[in-house]
Amino acid sequence: MKKLCDIEVCGDCLGWIANGTIPDDRPTLLAEIAKVWPGDMRHIVAGNSEDDNDEGAFSWSGCECCGSRLGGTRYAAAVLTADLSA
Ligand SMILES: [Zn+2]
């Protein structure tokens, strides 16, 4: 696997990526992620290589994982892809 791209994700998505948890108030979270990353959602991992102690940062930009447009804390994540050239 190699990194396809870095993304900034909301706290709800981070919880799912890191722990597999779905917040009670976001029952459609997986469906929302599947719309943004059809085929790739199993390859989203928390964190990135540059910052192992990601505390998150507030942003009004939409979540790049689920597509939520609510402002909030964003955390680093990465989308991996199979390295077909290896
Ligand atoms: Zn999200």
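The values are calculated or read from the model by the stated rules, or taken from the named source; none is laboratory data. This is a predicted model, so every value here is computed, not measured. Note: ideal-geometry Cβ built from the backbone for every residue, glycine included; neighbour counts use all protein chains shown.
What number goes with the only condition from (1) within 10 Å of the chain's Cα centre (by Cα); (2) modelled with pLDDT of 95 or more that Pro27 does not pass?
(1)
Does the range 59-67 include one or more residues that are assigned to a loop (DSSP other than H, G, I, E, B), of a type outside the set (Lys, Arg), surrounded by 12 or more Cβ atoms within 10 Å (Cβ to Cβ) and modelled with pLDDT under 90?
No; the residues of the range 59-67 include none that is assigned to a loop (DSSP other than H, G, I, E, B), of a type outside the set (Lys, Arg), surrounded by 12 or more Cβ atoms within 10 Å (Cβ to Cβ) and modelled with pLDDT under 90.
Which members of the range 71-86 meet the condition of being among the aliphatic types (A, V, I, L, M), closer than 19 Å to Ala34 by Cβ and within 15 Å of the chain's Cα centre (by Cα)?
Scanning the range 71-86 gives Ala77, Ala78, Val79, Leu80.
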